[in-house]
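Below is one structure, written out as structure tokens; the observations come after it.
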Amino acid sequence: MTTLDAIVPATHPRVTPFPPPPGPVQFLGYERAYWRLLIRGAVLLAVTLGIYRFWLTTDMRRFLWSNTEVLGETLEYTGTARELLIGFLIACAILVPIYALLFLIALNLGTIGQLASVIGFAALTVLGQYAVYRARRYRLTRTIYRGVRFLQTGSAWRYAIYATFWSAIVLISLGLLYPLMQSRLERFKMRNTYLGNLPGRFEGTAGGLFLRGILLWIIVIGPLIAALIGVIATFDVKAIEDLARGGGEAAIRRMTTNNPAFTAALGLGFGAMSWSFLAAVMLYPVFQAIVLRWWLNGIRFGDVVLSSRLRTGQVYGTYLRFIGWSFVFSTMASIAVAICYLLIKLLTDKPGLNSDGAEIVAAVIGFVAYLAGALGYSTIYQVKVRLGLWRVTAESVDLKNTAALEHVSSVGAPSSPVGEGLADALNVGGF
Amino acid sequence: MTSSGQAYYFDGATSARHQVTVELAPAALKIHAADGGLIAEWPYAELEALSAPESMLRLGRIKSPVLARLEVRDQALAAAIDDLSIPVDRSGRTERRGRMKVVAWSVAATLSLLLVAIFVVPEIATRLTPLVPYGLERRLGAAVDTQIRTALDTRKAGAKFECGDGEREKAGRAAFDKLVGQLERAAALPFPLRVLVVRRDDANAITLPGGLIYVFEGLIEKSETPDELAGVIGHEMGHAGHRDGTRMVLQSAGLSFLFGMLLGDFFGGGAVIIAAKVILQTSYARDVEAAADAFGVALMNQIGGDPRALGTILERISGSTHSGMKLLLNHPETKDRVAAINARASSGPRHPLLEGTEFAALKHICMLS
């Protein structure tokens, strides 16, 4: 025993009843509780053919929000499953006629029909972005912090057109202008975001994200572009004319055997494609970490400044855990399927048995196995990747000038859940 | 029993955190400021437990437009409030009961949905099919044709998808048309058929809405007599005559609507929907195939071909079929089909459908120029 120990009193007098947490943001939830919530949800999803999803989504959000503690106070999610269900029904009322119309137009072939499918696709893309914005508004207005509601203003249609325009630009630039899109869209969103009367804004710059990400872009997309240039440069224009005129195999032979440079470029092209795919998969966590850090570093609420200490290794960790768990699950699932297969074989090989009955049993078992597999993987994904990322991202956040959070005034009211419904029906949107 | 304790209070007007003392009065919960003044009084019947981490009871007032919150972290106090207030139920029993009702009704809805999908959708499609005008059916066929061509046309050696237009293919085409002509005359369908041979290696044939029949090159290779080929074409004409393609489109649209639109997508639900559709549609297909077989056999009886040849080629093509997975196969088990075909075959007078030289030419219908 040292002298120091003797000085420290045995019972430490607590200054406040609740000691402040170590970092400004902490995640309090236990993974075990989330597993329980999701597994029960998966079973109910299966027996209700997915109708339970509104309740499960609400439960997931409640868990994530209420366990995220910022400066000693947790967030509160006030949305309800009933709201999501109503929003979904309204979205159905809007979308069913649109789908029916598109189907009818597609039947009417010719240029009008083909044009209609293009226009229909574009319209649904814009509508999807509209839904994303409205859904964000729904979630923000259901998020309460210290008795004050988050808000989102701004026209969802403007956002939808803006976002569609930028997506097209990113596509045309082969992803090079992605930082510009992200910064523009994030600015639009944050400019219209408030915590009570505390206005949000976004200070991340396109240039900042560009510099952090350009190396990734060169590694993933660079070889593809080089190969494309190679193919075009070595292209035998005359051969393609022959081909168009019906030269057949002779023209193809001319293009390949008589033009070794072109063949080499084509081979390089396939190599580049496989490389890009592999690199994209392997480097995705790096990309995600870069974007998340850049995004968090750019967020402001009044004087409050966010920054993030998120490490790339943490993001890799969540994906590796997902892969590990999936591997265990796959092994167990294969054993279960093998046992089922043997059982079916025993059943069907019995002579004199009603073969239709055995067949239906086999089909049902197969269907159940498939369903269990799909739900199993997505449950593992939700726990290991979504929750894992949420936790490491939230706990990586640092806050400065937090005094502003102490006296925010409450403004505004909750918004309608139609956006969420549309997003659900169109398959866009996340949490 | 605890009758008072410490908590945090947010008044809903600003984000300021007030440390308060909660007093459990007989009818209401009284919230006192640090200086002892009464800030708020919430009747127990109006309390609502809101979403919060496990270590905390977060209270609000039911249906209050003001977001005033009381955060109780003192477990003894939280338990006391739970006891006093009827709406506050930390065990979650009330909510679970409400939720079980949702689950029970969803299961009921699922059951009736499945029953409709299995029994009513094919019935509706069957009733609707005769009402589809032929012009619309042909357009539908053209739309399906575009998709089929993108999916199936391998552009083998840069050649056209259809066989029979090349210089060395003409003789084969003539023989093929002769064979088809005999069958089509016997079928006497109320609309014209178009039967084409296409460059595709699988031993198969397909019928599109509007009377377009594609016979794959692989099938011609596999058939050893004109009667075998004629049997398969007769079967496909059965599909055309029964307007099975249109019915399939109607069924598919019905199922898509039932499963896709009403249920949405979650947790890979889209794939589940596709799987369900495949299983349901192939299970409808069994009767349809049997009917097409019967049609084909009747045609062969009529034109004096060998009706049993359809069974012969079926057995040759489907050589090894695993039992147990029958439901997932497009066609009912071959053994059953062959038995049904042979039972329907008449033993009337026979005559060759094509001359030997004609059949030899037909075998070369996809020779290219």
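Where a number appears in this text, it was derived from the coordinates with a stated rule and is not lab data. Keep in mind that this is a model prediction, so the values were computed, not measured. Note that each Cβ is placed from the backbone with ideal geometry, even for glycine, and that neighbours are counted across all protein chains shown.
Suppose each label sits 7 Å from its Cα in the direction of the beta carbon; what would the A:ARG201-A:MET282 distance come out to in nanometres?
4.2 nm
Determine which residues of segment A:118-140 fall in the zone a paramagnetic label at A:LEU89 would reach in this model, i.e. backbone nitrogen under 12 Å from the point 7 Å along Cα→Cβ.
Nothing falls inside the zone, counting backbone N under 12 Å.
Where a Cα-Cα gap under 12 Å defines reach, which aspartates and glutamates qualify for A:LYS384, not counting those fewer than 8 residues away within the same chain?
Partners found: A:GLU31.
Among B:LEU255, B:LEU299, B:LEU113, which one shows the highest mean-square fluctuation when chain B is modelled as a Gaussian network with alpha-carbon springs under 10 Å?
Of B:LEU255, B:LEU299, B:LEU113, the most mobile in the Gaussian network model is B:LEU113.
Can you put B:THR146, B:THR110 in order, fewest other beta carbons within 10 Å first?
Result, fewest neighbours first: B:THR146, B:THR110.
Hey, what's the per residue convex hull volume over the C-alpha atoms of segment A:177-225, in cubic angstrom?
Numbers: hull volume 3.3 nm³, N = 49.
Dividing the Cα hull volume of segment A:177-225 by its residue count gives 68 Å³.
Go ahead and run the numbers for FRET between A:VAL368 and A:LEU211, Cβ-Cβ distance against an R0 of 51 Å, rounding to 0.05.
Efficiency computed from Cβ-Cβ geometry: 0.50.
Quick one: if you stick a label point 7 Å off each Cα along the C-beta vector at B:ARG96 and B:LYS178, how many nm between them?
Modelled inter-label distance: 8.0 nm.
Quick one: check the C-alpha center-to-center distance for segment A:268-291 versus segment B:134-184, whole angstrom.
42 Å
Could you tell me the calculated FRET efficiency between B:LEU115 and A:ALA261, based on Cβ-Cβ distance and R0 = 60 angstrom, to the nearest 0.05? Could you put the intermediate results ahead of the total?
On the way: r = 64 Å, r/R0 = 1.07.
It comes out at approximately 0.40.
Rounded to the nearest 5, what is the percent of antiparallel bridges among the DSSP beta bridges in segment B:180-250?
Given both bridge residues lie in segment B:180-250, the antiparallel proportion sits at roughly 45 percent.
Using only DSSP helix segments of four residues or longer, with each worth -39500 (n - 2.57), what per-residue ellipticity at 222 nm results for chain B after dividing by its residue count and rounding to 500?
Estimated from H runs of four or more residues: -15500 deg cm²/dmol.
Among B:PHE119, B:ALA52, B:PRO65, whose Cα sits farthest toward the positive end of the charge dipole of segment B:1-147 (+1 at Cβ of Lys/Arg, -1 at Cβ of Asp/Glu, about the Cα centre)?
B:PHE119
Can you sort A:VAL43, A:VAL383 so the residue with the fewest Cβ neighbours within 10 Å comes first?
Listing A:VAL43, A:VAL383 from fewest to most nearby Cβ atoms yields A:VAL43, A:VAL383.
Tell me the relative contact order for segment B:4-91 as a rounded percent, counting alpha carbon contacts under 8 Å between residues six or more apart.
Over segment B:4-91, the number comes to 27 percent.
Taking the Cα centre as origin and putting +1 on Lys and Arg beta-carbons and -1 on Asp and Glu beta-carbons, what dipole magnitude results for segment B:4-91, to the nearest 20 debye? The partial results should precede the final answer.
On the way: 8 positive and 12 negative charges, 44 e Å.
Here segment B:4-91 has a charge dipole of around 220 debye.
How high is the relative contact order of chain B, in percent, with contacts defined as C-alpha pairs under 8 Å that are six or more residues apart?
Result for chain B is 15 percent.
Under 16 Å Cα to Cα from A:LYS189, which aspartates and glutamates show up? Leave out anything in the same chain fewer than 8 places away.
Once the sequence-local aspartates and glutamates are set aside, what remains near A:LYS189 is A:GLU203.
Hull surface divided by four, with the convex hull built on the Cα atoms of segment B:4-91: how many nm²?
Reported value for the Cα convex hull: 5.3 nm².
Would you please give the FRET efficiency between A:PHE165 and B:LEU196, computed as 1/(1 + (r/R0)^6) with r the Cβ-Cβ distance and R0 = 56 Å, to the nearest 0.05?
With R0 = 56 Å, the Cβ-Cβ based efficiency is 0.80.
Given 0.36 nm per residue, what is the gain on full extension from B:ASP89 to B:ALA25 after removing their alpha carbon distance, in nm?
Values: separation 64, 0.36 × 64 = 23.04 nm, distance 1.90 nm.
Difference between extended and current length: 21.1 nm.
For chain B, take the alpha-carbon Rg, divide it by the Kirkwood Rh, and send me Rg/Rh.
1.35
Counting other beta carbons within 10 Å of each residue's own, what order do A:CYS340, B:CYS366, A:CYS92 fall into, fewest first?
A:CYS340, A:CYS92, B:CYS366
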